[in-house]
Amino acid sequence: MKAIFSLRSLLAVVFTAVSLCQTSHANISLSTKEHQRGYYLDLRAFHNQGMQASGQQQLNRSALQTKLGVKAKYLLGENWLLDSDVRLAGILQHINTSTDSRSANDIYLEAKQLYLKSGTVFGRQSSLSLSIGRQTFRDLHSWNYDVELDAIRLKFSRTLLQWELAYGGRLFDYRMGDDEYRPSIESSRFLLGTLQHQWHYKHYVGAYSLTEQNSVSEDQTSVVFRADELIEPRTNLTWYGIKSHGEYSTTRGAFKYSGTLATLYGDTQALSTTTLGNGDRQVTAFTNQTIKGGMAIDLRLAWQPAEKKYAIALNYATASGDNTVGSGNQKRYVQPNIATNKSRVLGDSRYRYYGEALNPDLSNLHIATITAGRPMNDNIWIEAAYHLYRQDKASPYLEASSPKLSPNGNSRDIGQGLDLVLGGTLKNGSKLQVILSGFWGGNAFGNTAQVKNIYRALVNYRVLF
């Protein structure tokens with residue numbers, strides 16, 4: 001409660017201080033009409049068929065989500081822009097195992113974005129802007145963060161140089177986000193700093209740091225949570241990284257490339273759980289761990305010929321594991337909780353590029369992916385992505401959003417996956433996405449799983465009016 005109060009106080013103090021620094025004759029340097037408003041309807045349905053560990057139940061989950069929203073921008077006086085995205089959401093879901101079946105439905109109001117932005121900071125116009133409130137943070141490929149935070153954000157933007165500094169968290173965390181497997185971050189606070197330089201036309205280099213600190217209890221022993229939920233350990237972690245991306249065009253076609261190298265330091269926990277008779281899980285023990293120098297790399301290259309009849313992409317990602325068991329120093333890497341690994345690979349459809357069905361966290365893994373696609377017209381693409389998964393160190397644990405995964409710790413062969421994606425913009429301006437995805441477990445699940453495969457089907461549709 002103390003941490004939440006301090007964030008609210010900081011938001012209020014900064015907003016008041018900057019407002020007092022505004023000059024009455026300044027003009028806002030934000031490109032928008034005086035008032036803008038648009039409405040949309042989102043329909044999202046999915047079905048997941050999970051892996052079945054030996055002696056446990058198989059988890060299946062289906063859900064239908066609807067969201068009726070309004071996006072609006074208003075100029076408030078001469079110095080502030082109010083940007084909002086508020087929607088009425090409804091969800092109907094069904095969770096089924098071989099011994100238990102439950103359904104749930106809910107209707108709630110969700111503020112995806114609600115913030116004030118000023119391009120006049122400290123009494124004068126500049127390349128610096130200030131935003132206060134709930135806003136979206138998303139890095140390249142959503143590799144570190146893709147989240148809405150209640151935050152204070154300073155951004156500097158010129159043609160060749162951009163940087164930002166932000167601090168925030170969630171004042172409330174009810175039903176936020178479209179990912180069905182994501183731990184609550186209401187108790188977490190984030191400090192973000194980024195720097196990017198365009199060293200050549202359409203070629204960029206940069207660096208970043210991200211700190212997450214939460215206030216969950218150190219001892220969560222006996223906490224019970226549903227089989228389709230994730231529980232967050234106590235965490236104080238900092239990620240550092242360097243990155244580069246760009247594109248190069250010739251008369252034969254265009255190359256796009258990106259690369260990120262990251263390291264991790266800080267304190268976290270390993271939580272041990274057991275499955276109860278009704279399929280729920282319970283924390284049975286915890287181990288405090290210190291991570292020093294965990295490393296991860298993500299590299300990708302895409303090619304499209306000049307005639308644009310098809311495109312291909314290659315992606316290789318790896319993150320360190322650690323053979324050390326128990327407490328003490330670790331050299332493993334884990335991604336931030338606010339990463340989603342969703343991006344546009346070839347077409348206009350954002351999806352989980354490490355595999356929709358398995359959806360792994362890049363931790364103690366090597367992931368090699370080849371993607372091929374072709375446009376059905378100017379706006380709609382069909383893509384196919386094949387993934388090969390292998391652990392860095394053989395381990396009985398696998399960080400992934402799909403629950404009930406239990407590798408044997410003897411083999412590094414996790415398995416392979418395939419995604420088929422159809423998506424883009426229709427003629428009436430609405431957006432459609434259809435995904436069929438599968439994961440087939442390898443030798444790492446040879447004696448620990450009755451059903452080693454995972455399947456996922458997803459349909460997204462958004463209409464604007």
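Since every read-out is calculated from the coordinates, none of them should be taken as a lab result. Predicted model, so just to flag it, every value in this text is computed and none were measured. Quick reminder, even Gly has a Cβ in these numbers, built from the backbone with ideal geometry, and neighbours come from all protein chains shown.
Within a straight-line Cα-Cα reach of under 21 Å, Lys452 can be paired with the following lysines, leaving aside sequence neighbours fewer than 8 residues apart in one chain: Lys393, Lys404. Sorted ascending by nearby beta carbons within 10 Å, beginning with the fewest, Arg61, Arg374 become Arg374, Arg61. Rounded to the nearest 10 degrees, the inclination of helix 2-21 to the longest alpha-carbon principal axis of the chain is 20 degrees. For the residue pairs Lys67/Lys309; Lys71/Lys431; Lys309/Lys427; Lys71/Lys243; Lys155/Lys292, the C-alpha atoms sit more than 28 angstrom apart in Lys67/Lys309; Lys71/Lys243; Lys155/Lys292. Distance between the C-alpha centres of the range 279-302 and the range 338-401: 18 Å, rounded to the whole angstrom. Listing Arg456, Arg44 from fewest to most neighbouring C-beta atoms within 10 Å gives Arg44, Arg456.
Can you sort Met295, Met51 by how many other beta carbons sit within 10 Å, fewest first? Going from sparsest to densest Cβ surroundings: Met295, Met51. For Val224, project a label point 7 Å along Cα to C-beta. Then give me every residue of the range 272-311 with its amide nitrogen under 14 Å of that point. Answer for this model: 274-284. Within the shell of other residues whose beta carbon sits under 15 angstrom from the beta carbon of Tyr208, the net charge comes to -1, with Lys and Arg scored +1 and Asp and Glu -1.
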